[in-house]
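The values are calculated or read from the model by the stated rules, or taken from the named source; none is laboratory data. Please read all numbers here as calculations on a predicted model, not as lab measurements. Positions of Cβ are generated from backbone atoms using ideal geometry, with glycine treated the same way; all protein chains shown enter the neighbour counts. Protein only, heavy atoms only, side chains kept; ligands, DNA and RNA dropped before computing areas. Shrake-Rupley method; radii C 1.70, N 1.55, O 1.52, S 1.80 Å.
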Amino acid sequence: MRKLAITTAAALTALAAFCAHGAWVYEGEFILEIVTGLAVAPNDNVYAVQWWGEGQSGYVFYFTPTGSILNNWWVDEREPAVIAVAPNTNVYVGYSEGVVYYTGGGGYLGKWRCSPQYNSPVFGVAVAANGNVYASDPVRDKIHYFTATGSKLGEWGGQGSGNGEFNSPSGVAVAPNTNVYVADHDNHRIQYFTSVGSFLGKWGSRGTGDGQLRGPSGVAAPPDGYVYVADTWNNRIQYFTPSGSFLGKFGKYGTGKGTFYHPEGLDLSNCSRRLYVADAGNNLIQYFRWTETAVAPASLGRVKALFR
């Protein structure tokens with residue numbers, strides 16, 4: 001066990017060094033007023049939800065990867081704020097009482113409440129590879145999970161700052177290995193769990209330094225093996241190893257290209273290797289592309305060897 005721990009630590013150090021030889025570079029943007037959440041479909045189309053304010057309904061728009069509008073539909077529910085696209089392209093939207101879902105073209109399929117006893121607004125929604133749907137409930141400080149059609153499977157959490165407790169949980173993401181990542185917004189951290197809610201780990205604390213967070217709203221855990229966090233109040237994006245080791249960051253407060261004003265949702269395109277960010281305060285979706293710089297052959301070989 002000791003040898004494995006040392007090897008893993010060395011691998012993470014090497015990966016961090018490898019990541020230093022690349023950067024996320026601004027590539028483009030498209031305008032969408034009051035954009036609060038987005039998700040990238042398997043075909044690389046970008047879905048985004050537009051919420052018009054407290055007590056109001058909103059729209060779902062979907063775009064080509066570079067921002068040409070393909071279509072939109074009205075969400076006839078109060079306060080639709082977050083969105084996820086399933087592997088079968090069904091679209092799930094979190095609203096003030098639960099989750100409503102559609103075909104990829106906007107055909108209504110159904111909806112459900114997270115709790116029959118409470119109005120449970122959803123501030124984060126994610127779909128696992130098996131179709132299960134995870135939703136964050138910032139009022140009851142819980143994560144609920146369901147089948148693809150809304151049958152309740154379980155929940156976990158509760159108000160607090162201990163392991164497995166939350167203070168206004170926001171974004172949710174499911175990694176390819178089925179681990180569930182939660183942006184624990186008012187605790188200024190990320191927590192992660194098994195698919196049924198067993199606590200695995202956490203990272204982050206309130207601050208502006210590398211790896212510190214202030215009010216994280218969005219989290220993504222795509223197949224590239226990183227975990228991306230919309231560090232909302234710090235107006236930046238940070239990315240980490242799956243266990244929370246800091247790898248890099250980009251962005252700062254501003255209205256220019258590559259700067260942010262309260263980024264909320266984010267997702268990665270697996271095909272084009274673009275990272276999309278819902279820049280809520282600037283009424284934009286910005287997208288970035290990973291750009292590699294030269295890596296010394298010996299360093300690259302060491303990274304490959306450590307991850308065999």
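Remarks
- All of Asp231, Asp210 fail the test of being at pLDDT 95 or above and surrounded by fewer than 17 Cβ atoms within 10 Å (Cβ to Cβ), apart from Asp210.
- No other residue among Gly107, Gly131 is among the small types (Gly, Ala, Ser), free of Cβ contacts under 8 Å to residues at least 24 places away in the same chain and open to solvent by 10 Å² or more (accessible area, probe 1.4 Å) apart from Gly107.
- Hits in segment 134-149 - residues which are surrounded by fewer than 19 Cβ atoms within 10 Å (Cβ to Cβ) and in contact with a Phe, Trp or Tyr (Cβ under 6 Å, 6 or more places away or on another chain): Pro138
- Qualifying residues in segment 262-279 (those that are more than 16 Å from Gly28 (Cα to Cα) and more than 13 Å from the chain's Cα centre (by Cα)) - the one surrounded by the most Cβ atoms within 10 Å (Cβ to Cβ): His262
- Residues considered: Gly256, Gly207, Gly225, Gly211. Of these, the only one that is within 17 Å of Asn187 (Cβ to Cβ) and without any contact (Cβ under 8 Å) to a residue 24 or more places away in the chain is Gly207.
- Residue in segment 115-122 that is within 27 Å of Val229 (Cβ to Cβ), surrounded by 16 or more Cβ atoms within 10 Å (Cβ to Cβ), at pLDDT 95 or above and not polar (S, T, N, Q) present: no
- Flag for Gly258 being farther than 26 Å from Thr178 by Cα and not aliphatic (A, V, I, L, M): yes
- Listed here are the strands (runs of 3 or more DSSP E) enclosed by segment 45-123 that have at least 1 residues being touching a Cys at 6+ places or on another chain (Cβ under 7 Å): 98-102.
- Verdict on Ser161 being open to solvent by 20 Å² or more (accessible area, probe 1.4 Å), in contact with a Ser or Thr (Cβ under 6 Å, 6 or more places away or on another chain) and outside any strand (DSSP E or B): no
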